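Please read the structure below before turning to the comments.
What follows draws every value from the coordinates through simple rules; no lab data is involved. Predicted model, so just to flag it, every value in this text is computed and none were measured. All Cβ positions, even for glycine, are placed from backbone atoms using ideal geometry, and neighbour counts span all protein chains on display.
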Amino acid sequence: MRTTVTSVEAIPVEVPVAPLEEGGLAPYSSNHDEVETVGRTLVRVGTDDGVTGWGEMLTAMQSARVTCAVIEDVIEPNLVGRRLEDIGEFLDSFYYPYVKTRPFLGAVETALWDALGTVRDASVSEMLGGGVRDSVDVAYCLGMHSIEDSRRYARRAVEEGFDVLKTKAGPDWKHDVERIRAIHEATDGELELRIDPNQGWSTDEAVRVGAMLEDDGIYLQYMEQPCRIDSYGTYERLRQRLRHPIAVNEDTYFPRNLYYLCERSAADVACVDLVPAGGLTAVREQIAVAERAGLSLTHHNGFDLGIKQAAVLHLYASTPALNLAPDSVYYGWADYILSEPLVVDNGAIAVPDGSGLGIDVDEGKVETYRID
């Protein structure tokens, strides 16, 4: 039976993050912002037989107008009228030489997979191969805080069953070292630790952080994207000077950067993201490249609402190479847009087992948080 795409709608929303003292994460501080509410853009795809599929992305450049315009004025005319099943053909045909459209395509492609699963009465993970895992352990994420608050919230992560904690870092790298020491001591070394300066350190600072932690017998699960992505040669040198694994995240948003780093043996971990990669199909191609180069793999989180979080779970359920827990802040929202929110239980989230993404979007909640 032929199912045809009839509409593509972009819906900008802004959802509050729960305060830290109430079990959430706000204010979530990094070296470039402080998060208390998050702007996301939802994508709703409709078909001629009444099926709806959902996708999600971070609002590009913090502009709902720009994000919606790209999806509805550029992508929709190229997609409406195509067969729902022709996901790969659509992605291969979509090309604009001077504009990076992969994040927008990533959100739309997620919605296409969701709708296709509904049509075929199969989950996204089943359509992608499935069978790897029914539940996914996730990493607890913590912004930059005082030493005492870092201790307190790290202990809370352990109490709630998490095994891995990721914290933001920079611009005061010495304070970051003190926070990592405090977290390690407060949890008796029970947590695997990740630190993410978001490209905020120089090569020298990254080396000194690593050396000081090594002197204390603290070895990170990985140090994520410590230096700028355009500092060519930096990561190759860092791997030669540090015993901490080096992860790249923002570099994976540019496929050629990832290929280069793999070729130069300049990273230990690839922290991929299905939306900037261009969707589930594209991110699995990146995963294959990194796996062949011997890198460990995990998935990034950008304050994802339930739609993209479900897509990540299905990706893990169908991709054995994803061997490290994905970041997640799903437990941190003040409210949810899913009729039945995903549940973080003992540091893990079950893979939804319904058709498509296995979720039901509460369109009333979507309208509540919808913005102009």
Quiz prompt | Exposure proxy order (Cβ contacts within 10 Å, fewest to most) of Val343, Val283 | solution = Val343, Val283
Quiz prompt | Fewest-first ranking of Val361, Val45, using other Cβ atoms within 10 Å as the exposure measure | solution = Val361, Val45
Quiz prompt | Whole-Hz ³J(HN,Hα) from phi, Karplus 6.51 cos²θ - 1.76 cosθ + 1.60, for the range 166-180, glycine and proline x | solution = 10, 10, 6, 8, x, x, 9, 5, 5, 5, 4, 4, 4, 5, 5
Exercise. Using every Cα-Cα pair within the range 147-213, state what percent have a distance larger than 16 Å.
Key: 42 percent
Quiz prompt | Distance in nm between pseudo-label sites at Ser146 and Val343 (7 Å out along the Cβ direction from Cα) | solution = 3.6 nm
Quiz item: Can you list the GluC sites (Glu not before Pro) in the range 173-246 that are in a DSSP coil and have 16 or fewer other beta carbons within 10 angstrom?
Solution: Glu190
Quiz item: Expressed as an acute angle from 0 to 90° and rounded to the nearest 10, what is the orientation of the C-alpha long axis of helix 203-215 relative to the principal long axis of the chain?
Solution: 60 degrees
Self-check item: Cα convex hull volume per residue for the range 187-253 (Å³)
Solution: 82 Å³
Self-check item: the range 127-361: relative contact order in percent, alpha carbon pairs under 8 Å with at least 6 residues between
Solution: 22 percent
Quiz item: What nm distance separates the two modelled labels at Glu367 and Lys100, each placed 7 Å from Cα along Cα→Cβ?
Solution: 3.7 nm
Quiz item: With a 10 Å Cβ neighbour count serving as the proxy for reagent exposure, in which order, fewest first, do Cys271, Cys262 appear?
Solution: Cys262, Cys271
Exercise. With a cut-off of at most 13 other beta carbons within 10 Å, and DSSP calling the residue loop, which trypsin sites (Lys or Arg not before Pro) in the range 72-170 qualify? Please list them.
Key: Lys100
Exercise. Could you bin all the Cα-Cα distances of the range 127-361 into 5 Å bins starting at 0 and give me the percent of pairs in each, rounded to whole numbers?
Key: 1, 7, 15, 18, 19, 16, 13, 8, 3, 1, 0
Quiz prompt | trypsin sites (Lys or Arg not before Pro) within the range 194-239: DSSP coil, no more than 16 neighbouring Cβ in 10 Å | solution = Arg228
